Amino acid sequence: MQALASVSDKLLFATIVVYALAMLCFAGEQAARRARAVPARVLVGAGAPLLSKDQPGVRPAAPRGGIGRLAVVLTAGGAVVHLVTLVLRGIAAGRPPWGNMYEFSVSVAFVAVAAFLYLVADGRVDRSLGAFVMVPVVLYLGLAGTVLYTPVGPLVPALDSYWLKIHVAAAVMASGAFLLSGVVALLYLTRARYDEQTAAGRTVRFPLSLGGSLPAASSLDRASYSVIAFAFPVWTFAIIAGAIWAEAAWGRYWGWDPKETWSFITWVLYAGYLHARATAGWKGRKAAWVAVAAACALIIDYYVVNIFVVGLHSYA
Amino acid sequence: MTSLQEGPVQDAAGLSTQPAEVGAPVRGSFVAPYRRAWRQLTSMRTALLLLFLLALGSVPGGFLPQRALAPQRVKEYYSAHPSLAPVLDRLSLFDVFASPWFAAVYLLLFVSLIGCIVPRTRLHAKALRTPPPKVPHTLSRLRASDRWETDLSPQDAVAAARAALPRWRRVVREVSGSAELSAEKGYLRETGNLLFHVSLVVLLVGIALGGLYGFKGTVLVTEGSGFADAIINYDDITPGRRFTQDGLAPFHFTLDDFHATYTAAGAARTFEADLTWAPGPDAPTRPYRLRVNHPLEAGGGAKVYLVGHGYAPHVVVKDPKGNVALDQSVPCLPQNPKFLSNCTIKVPDAEPDQMAFEGVFTPTTVQDPKTGQVTSVHPAAALPVLTVVGYRGDLGVDAGIPRSVFSLEGTDRLTKVDAPPQGLRPGETWKMPGGGSITYAGTDEWATFQVTQDPGKVLALYASAGMVLGLLLSLFVRRRRVWVRAVPGGADGRTVVEAGGLSRTDAESFANEFGALTERLRDRTGGPAPSPTLPEKDG
Ligand code: HEM
């Protein structure tokens with residue numbers, strides 16, 4: 001069993017390396033695209049005030065060519081290694097691989113990558129997002145494998161429950177998707193601001209200039225919405241399953257434990273996001289900021305609370 | 001006119017069933033200002049603001065220690081931040097979720113919510129009874145549209161189109177020689193949305209019921225002892241505001257045996273309490289093995305949970321006269337994960353002076369050879385030692401001041417017996433200087449049980465299920481409309497068929513659906529294969 005665990009640890013490293021390569025390929029494709037987009041921006045800079053947002057000149061050329069496709073293939077291959085990492089870890093521990101912060105983080109990163117690949121395959125987002133998605137994924141896995149690393153071990157009795165498995169599985173799914181949506185929302189904000197600046201005839205500097213190689217703002221907005229629309233019911237279910245478990249383990253289904261409180265804040269913020277998209281004056285950028293704030297609440301829920309705040313959940 | 005009958009060429013938002021915001025102001029009326037305030041409160045913008053306030057208001061509850069959860073840590077916070085803490089306390093920041101301002105936010109939110117649900121339900125009920133709206137004048141201006149010709153008559157073409165949309169809500173209208181079909185689908189979206197919001201209200205009712213009529217109590221029971229459900233038998237209770245004694249369930253149980261297992265490293269593996277219990281005084285008793293995550297359903301809505309455990313060394317104390325003054329298992333309170341535990345033994349029946357002992361219990365004992373200090377290296381009772389110092393004098397138990405059984409604090413009329421701490425292994429006796437003795441006879445364990453009753457729990461569970469179902473419907477069902485118009489006047493007297501569609505959300509996947517749909521319609525009406533440029537894509 002210990003041997004399996006150490007294979008799993010090595011595979012995590014391999015996953016990170018493959019993702020990093022994919023990231024470089026995505027970035028290479030980006031760079032090539034930006035080089036192509038430059039003339040268009042010169043045109044904008046020369047003062048064409050009535051440019052529409054989707055002005056074809058500003059838009060990156062349609063993605064084609066090998067390096068971008070290679071990046072996607074590498075990402076998919078990395079995801080397979082990633083999955084094997086998790087499965088071996090689970091077999092070594094004799095339980096699903098989300099029993100501590102290290103395992104949870106590795107699982108969440110897997111969901112984020114899988115969701116991204118799904119969106120690309122489904123044609124809902126452009127693969128050019130890859131560079132921006134893989135950077136946080138690589139950092140996140142790197143942190144998980146170093147700072148949060150925990151050797152395999154059994155669960156404390158309170159954690160050994162059927163509902164807990166369901167609860168955490170749902171939380172992992174929703175968190176992975178939420179984090180992805182947070183990244184996409186940030187990219188949307190970048191692109192929207194870039195559009196605004198170029199439309200006003202101003203020259204945009206790095207990092208805002210990255211916006212030029214991003215897909216259209218409206219498609220980023222839709223992508224981030226559809227990921228949240230998927231994740232929100234899952235998160236709702238995760239909270240409910242957690243409450244059912246808490247009822248069985250601690251005799252109350254809700255107790256405003258810090259972890260519960262932050263899950264609630266996250267939930268309310270995402271509900272706010274869904275409302276904002278239906279409220280005049282809140283669509284677009286304001287709603288995207290809400291999505292970013294909600295993703296921050298999620299990060300606080302998992303990392304800040306686990307590490308710095310004492311509560312019933314603090315052994316998790 | 002409801003939003004369902006808005007003008008023909010409309011933005012996708014026209015398919016919303018959201019109630020129209022603020023109509024014409026009612027002027028010169030006494031109720032006008034109230035009505036305006038009500039509309040304001042039930043507007044989407046206010047709902048959004050209140051949601052943000054709810055999230056923001058919960059933040060201090062997620063960072064600061066909360067009294068209901070960790071009173072000790074609130075005290076620690078007070079000593080760490082003596083000037084800040086009282087200010088925070090005045091703002092109820094240590095009791096966020098019981099504070100008046102938090103209640104104000106969620107009550108306003110729920111008033112707004114109800115004010116939102118009622119008109120939306122009315123509108124939706126009406127929408128369900130209203131046929132889909134008439135075909136817009138220029139279908140080609142819709143984002144998804146198509147056009148072809150057929151040999152069928154306009155009436156037959158529309159009838160065929162109608163048959164090709166079996167699960168849609170359809171209405172056929174005939175206008176001087178031409179025929180029109182309006183079809184609509186996805187009413188479950190708004191139904192789901194309403195179900196979700198109504199479930200939120202039901203959930204709040206469930207929570208409130210639990211808060212008002214619920215009960216929570218904890219009790220420590222040593223092996224061999226029992227418990228019967230009565231207020232006085234609890235160590236600690238938190239009753240709901242409307243809870244009364246008669247609400248208690250009549251169960252009782254005896255703790256026959258408690259056992260815990262640990263890993264070699266001392267991490268807990270299992271906890272089990274073997275009970276003999278009965279749901280009422282006259283009911284036959286039965287065994288139950290109580291474990292973490294497996295509470296005992298004790299009847300009457302009461303559930304018994306295992307929440308803690310520790311050791312209770314069995315001691316026999318003789319007074320200087322030679323009488324057995326105490327023969328009992330004394331619960332000791334664990335101080336660390338290895339179960340080094342503090343013990344306080346009071347012997348009020350000793351004569352001529354009362355006696356007391358303080359000490360530590362160490363389940364797997366290691367003694368520092370230099371200092372003599374004992375520690376425990378594992379939580380299992382592999383090498384148990386009870387280390388005590390003795391006292392004589394007056395325990396002050398008659399003074400009418402309630403005293404903790406777990407400490408000698410406040411009993412200043414005791415004199416320490418002049419002897420070093422005595423380490424006793426099971427079966428060993430310490431004969432005290434000046435008479436009297438204490439024997440560590442054996443090791444029992446104790447467990448703490450929490451008993452809860454929550455009459456709102458089931459309702460809250462149903463409401464939660466309603467929320468998830470409602471969400472799934474409202475986020476994944478798409479409301480969409482399709483129109484077909486067939487008019488004479490094509491080439492060679494053929495019929496021209498025009499189709500158009502509209503979806504409120506997700507224009508992209510609707511474009512695909514519409515493409516598949518028109519392909520089917522062309523098939524049924526004998527039109528040519530679809531032209532590759534249609535349907536037009538959004539964005
Ligand atoms: C208790 C607080 C509330 C929560 C947690 C909540 C949550 C939600 C969620 C998650 C959605 C998304 C479902 C969807 O997009 O179809 C939603 C939609 C909606 N909510 Fe609420 N809501 C609350 C209160 C309110 C209130 C007070 C109103 C009325 C002012 C309201 C009106 C709406 C409307 C009209 C929609 C549909 C938006 C659309 O057309 O897409 N909600 N709500």
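Condition check: among the hydrophobic types (A, V, I, L, M, F, W, C) and under 18 Å from the mean Cα position of the chain (by Cα). Does A:Ala131 satisfy that? Taking the combined requirement at face value, the residue satisfies it.
Hey, does region A:238-258 have a residue that's open to solvent by less than 20 Å² (accessible area, probe 1.4 Å), within 9 Å of chain B (Cβ to nearest Cβ) and within 15 Å of the ligand (Cβ to nearest atom)? No. Taking region A:265-279 as the range and being more than 7 Å from chain B (Cβ to nearest Cβ) and over 17 Å from the mean Cα position of the chain (by Cα) as the test, the residues that pass are A:Leu274, A:Arg277. The set of residues in region A:288-301 being small (Gly, Ala, Ser) and away from the ligand (no atom under 15 Å from the Cβ) consists of A:Ala288, A:Ala293, A:Ala295. Inclusion of A:Val305 among residues that are within 12 Å of the ligand (Cβ to nearest atom), more than 16 Å from the chain's Cα centre (by Cα) and facing another protein chain (nearest Cβ under 8 Å) is not warranted.
So, of the residues in region A:204-227 that are modelled with pLDDT under 85 and farther than 17 Å from A:Val292 by Cβ, which turns out to be most open to solvent (accessible area, probe 1.4 Å)? Per the stated criteria, the residue is A:Arg205. The sole residue among B:Gln66, B:Gln72 that is loosely packed, with under 15 Cβ neighbours inside 10 Å and either more than 15 Å from the ligand (Cβ to nearest atom) or modelled with pLDDT of 95 or more (or both) is B:Gln72. With the structure loaded, tell me whether B:Ala98 is hydrophobic (A, V, I, L, M, F, W, C), more than 25 Å from B:Val205 (Cβ to Cβ), away from the ligand (no atom under 13 Å from the Cβ) and surrounded by 13 or more Cβ atoms within 10 Å (Cβ to Cβ) or whether it fails that test. Answer is no for this residue.
Of all residues in region A:264-295, those satisfying the criterion of being free of Cβ contacts under 8 Å to residues at least 24 places away in the same chain, open to solvent by 20 Å² or more (accessible area, probe 1.4 Å) and either aromatic (Phe, Trp, Tyr) or not in a helix (DSSP H, G or I) (or both) are A:Ala278, A:Ala280, A:Gly281, A:Trp282, A:Lys283. The test for being over 30 Å from B:Arg269 (Cβ atoms) and either in contact with a Phe, Trp or Tyr (Cβ under 8 Å, 6 or more places away or on another chain) or surrounded by 24 or more Cβ atoms within 10 Å (Cβ to Cβ) (or both) does not hold for A:Ser161. Of the listed requirements (1) more than 30 Å from B:Asp353 (Cα to Cα); (2) away from chain A (no Cβ under 12 Å), B:Ala312 misses just one: (1). Restricting attention to region B:108-144, the residues that are open to solvent by 50 Å² or more (accessible area, probe 1.4 Å) and β-branched (Val, Ile, Thr) add up to 5. If you go through region A:259-287 and keep only what is within 16 Å of the ligand (Cβ to nearest atom) and over 29 Å from B:Leu461 (Cβ atoms), you end up with A:Ala276, A:Arg277, A:Thr279, A:Ala280, A:Gly281, A:Trp282, A:Lys283, A:Gly284, A:Lys286, A:Ala287. If you filter region A:212-224 down to residues that are assigned to a helix (DSSP H, G or I) and more than 9 Å from chain B (Cβ to nearest Cβ), you find that the one that is nearest to A:Lys283 (Cα to Cα) is A:Asp221. Between B:Val87, B:Val105, which is under 24 Å from B:Leu194 (Cβ atoms), open to solvent by 20 Å² or more (accessible area, probe 1.4 Å) and part of a helix (DSSP H, G or I)? Every option except B:Val105 fails the conditions.
Residue by residue, here is whether (1) touching a residue at least 40 places away in the same chain (Cβ under 8 Å); (2) touching an Asp or Glu at 6+ places or on another chain (Cβ under 7 Å) holds:
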{"position": "B:Glu149", "(1), (2)": "yes, no"}
{"position": "B:Ser153", "(1), (2)": "yes, no"}
{"position": "B:Ala157", "(1), (2)": "yes, no"}
{"position": "B:Ala164", "(1), (2)": "yes, no"}
{"position": "B:Trp168", "(1), (2)": "yes, yes"}
{"position": "B:Ser176", "(1), (2)": "no, no"}
{"position": "B:Glu180", "(1), (2)": "yes, no"}
{"position": "B:Arg189", "(1), (2)": "yes, no"}
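Residues that are of a type outside the set (Lys, Arg), farther than 20 Å from B:Ala161 by Cα and either open to solvent by less than 40 Å² (accessible area, probe 1.4 Å) or under 39 Å from the mean Cα position of the chain (by Cα) (or both) within region B:476-496 comprise B:Phe476, B:Val477, listed in sequence order. Evaluating B:Arg122 against the criteria (1) among the basic types (Lys, Arg); (2) part of a loop (DSSP other than H, G, I, E, B); (3) within 16 Å of the ligand (Cβ to nearest atom) leaves one unmet condition, (2). The set of residues from region B:26-64 being of a type outside the set (S, T, N, Q) and at the interface with chain A (Cβ under 8 Å from one of its Cβ atoms) comprises B:Met44, B:Arg45, B:Ala47, B:Leu48, B:Leu51, B:Phe52, B:Leu54, B:Ala55, B:Val59, B:Gly61, B:Gly62, B:Phe63. The set of residues in region B:263-292 being within 11 Å of another protein chain (Cβ to nearest Cβ) and surrounded by fewer than 17 Cβ atoms within 10 Å (Cβ to Cβ) consists of B:Thr263, B:Ala265, B:Ala267, B:Arg269, B:Thr270, B:Arg291. On inspection, B:Tyr213 passes the criterion of being in the same structural domain as B:Asp454 (by TED's automatic domain parsing) and either within 16 Å of the ligand (Cβ to nearest atom) or in contact (Cβ under 8 Å) with a residue 24 or more places away in the chain (or both).
To keep it simple, each residue is scored yes or no on (1) at pLDDT 90 or above; (2) open to solvent by less than 40 Å² (accessible area, probe 1.4 Å); (3) in a loop (DSSP other than H, G, I, E, B).
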residue	(1), (2), (3)
B:Ala465	yes, no, no
B:Gly470	yes, yes, no
B:Ser474	yes, yes, no
B:Leu502	no, yes, no
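Restricting attention to region A:179-211, the residues that are assigned to a helix (DSSP H, G or I) and over 16 Å from the mean Cα position of the chain (by Cα) total 14.
So B:Lys457 passes all but one of these: (1) within 11 Å of another protein chain (Cβ to nearest Cβ); (2) without any contact (Cβ under 8 Å) to a residue 24 or more places away in the chain. Which condition number does it fail? Against the list (1) within 11 Å of another protein chain (Cβ to nearest Cβ); (2) without any contact (Cβ under 8 Å) to a residue 24 or more places away in the chain, B:Lys457 comes up short only on (2).
The values are calculated or read from the model by the stated rules, or taken from the named source; none is laboratory data. As the structure is a prediction and not an experimental result, all values here were calculated from the model. Glycine gets a Cβ as well: all are built from the backbone with ideal geometry, and neighbour counts include every protein chain shown. Accessible surface is based on the protein model in full, side chains and every heavy atom, while ligands, DNA and RNA are left aside. Shrake-Rupley method; radii C 1.70, N 1.55, O 1.52, S 1.80 Å.
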